[in-house]
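See below for the structure under consideration.
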Amino acid sequence: MKRFALFTIAAAISTAALAAPETYVIDGTHTLPRFSYSHFGYSTQLSRFDKTSGKIIIDRAAKTGSVVVTIATTSVDTGYPLFNGHIQGEDFLNTAKFPTANFTSNKVNFDGDKISSIDGTLTLKGVSKPVTLTVTSFLCMPHPMLKKDACGANATTVVKRTDFNMGKYAPYVGDEVTITIPVEAIKE
């Protein structure tokens, strides 16, 4: 009986080790969220944010996880300093009052061994709305330069500016905004 109990405990510890969640810290030098929108129908404008932080926790055996991403909205980069200030103004991001945008997951969805989408809440300009990030690629492997495990993905969602109190010039300047988050994260 003792032998069975020891075997059961060893099996439980072994299974727990296989199903242990792994924590990854977002690499801000390789995570530069971008957004695009129609500009009067003339063109699709593309801008990005230069400062992002957060954590990703993945339990691949249990097919669960969590994601927290914080974007410094003050780091918006349109390619033109005057327009950066315009986007940071009260009509749009209002970075003086809301210096960050946040995404917090409530469910990480898997297709086989890979993350396929992430359901969560986007908080932008003080407004929180449910969104789903569609993951178009997902890869975890040893980082060849850092000699640590790392994960990367591309995630995309579409939101409406008017839902976040940023509707100035809509519908002429497109209400729909595509947010793409190319993310890389290093294991803690």
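Can you compute the label reach from H39? Point 7 Å from Cα along the Cβ direction, backbone N cut-off under 17 Å, restricted to region 64-79.
What the label zone holds, given the 17 Å backbone N cut-off, is 76-79.
Keeping every protein chain present and rolling a 1.4 Å probe, give me the accessible area per residue for region 102-188 in Å².
Result: 53 Å² of accessible area for each residue.
Apply the Karplus curve 6.51 cos²θ - 1.76 cosθ + 1.60, θ = phi - 60°, to the phi angles in region 132-138 and return the couplings in whole Hz, x for Gly and Pro.
Karplus values, whole Hz, x for Gly and Pro: 10, 8, 8, 8, 9, 7, 7.
Let me know the charge dipole size of region 141-188 about its Cα centre in debye, to the nearest 20, where only the beta-carbon of Lys, Arg (+1) and Asp, Glu (-1) is charged.
Approximately 120 debye in magnitude.
Under 12 Å from the Cβ of G167, count the other residues' Cβ atoms, weight Lys and Arg +1, Asp and Glu -1, and hand me the total.
Values: positive: K125, K160, R161, K168; negative: D91, D163, D175, E176.
Counting the neighbours of G167, the net charge comes to 0.
Calculate the FRET efficiency for E176 and H30 from the Cβ-Cβ distance with a Förster distance of 35 Å, rounded to the nearest 0.05.
Efficiency for this residue pair is about 0.85.
For Rg and Dmax of the Cα atoms in Å, which listed value, (1) 36.5, 103; (2) 19.5, 68; (3) 20.0, 77, comes from the coordinates shown?
Read-out from the structure maps to (3).
Lysines near K114 by alpha-carbon distance under 16 Å, same-chain residues fewer than 8 away left out - which ones?
Straight-line reach from K114, under 16 Å: K63.
Ignoring ligands, DNA and RNA, what percent of the accessible area of the chain is carbon or sulfur (1.4 Å)?
Working: 6520 of 10880 Å².
Exposed carbon and sulfur together represent 60 percent of the surface.
So what does D111 come to for accessible area, using a 1.4 Å probe and Å² rounded to 10?
120 Å²
Shape verdict for region 81-188, please, from the Cα gyration tensor: rounded (a/c under 1.5), prolate (a/b greater than b/c) or oblate.
prolate
Between the helical axis of 2-18 and the dominant principal axis of the chain, each derived from Cα atoms, what acute angle in degrees is found, rounded to the nearest 10?
20 degrees
Just report the Cα centroid separation between region 93-130 and region 151-188, whole Å.
Value for the Cα centre distance between the two parts: 9 Å.
Considering the options F110, F40, A61, tell which one lies farthest towards the positive end of the dipole of the chain, charges being +1 on Lys and Arg and -1 on Asp and Glu at the Cβ, about the Cα centre.
A61
Beyond a 18 Å Cα-Cα separation, which of these cross-linked pairs lie in this structure: K107/K129; K97/K125; K107/K187; K125/K168?
In this structure, K107/K187 exceed 18 Å between Cα atoms.
Order Y37, Y172, Y42, most accessible first, counting only protein heavy atoms with a 1.4 angstrom probe.
Y42, Y172, Y37
Is region 104-148 best put as rounded, prolate or oblate by its Cα gyration tensor, with a ≥ b ≥ c the root eigenvalues, rounded for a/c under 1.5, and otherwise prolate when a/b is larger than b/c, oblate when not?
Numbers: a/c = 3.55, a/b = 1.75, b/c = 2.03.
Since a/c reaches 1.5 but b/c is at least a/b, the shape of region 104-148 is classed as oblate.
The values are calculated or read from the model by the stated rules, or taken from the named source; none is laboratory data. Please read these numbers as outputs of a predicted model, since none were measured by experiment. Glycine gets a Cβ as well: all are built from the backbone with ideal geometry, and neighbour counts include every protein chain shown. These accessible areas exclude ligands, DNA and RNA; they are computed on the full protein's heavy atoms, side chains included. Shrake-Rupley method; radii C 1.70, N 1.55, O 1.52, S 1.80 Å.
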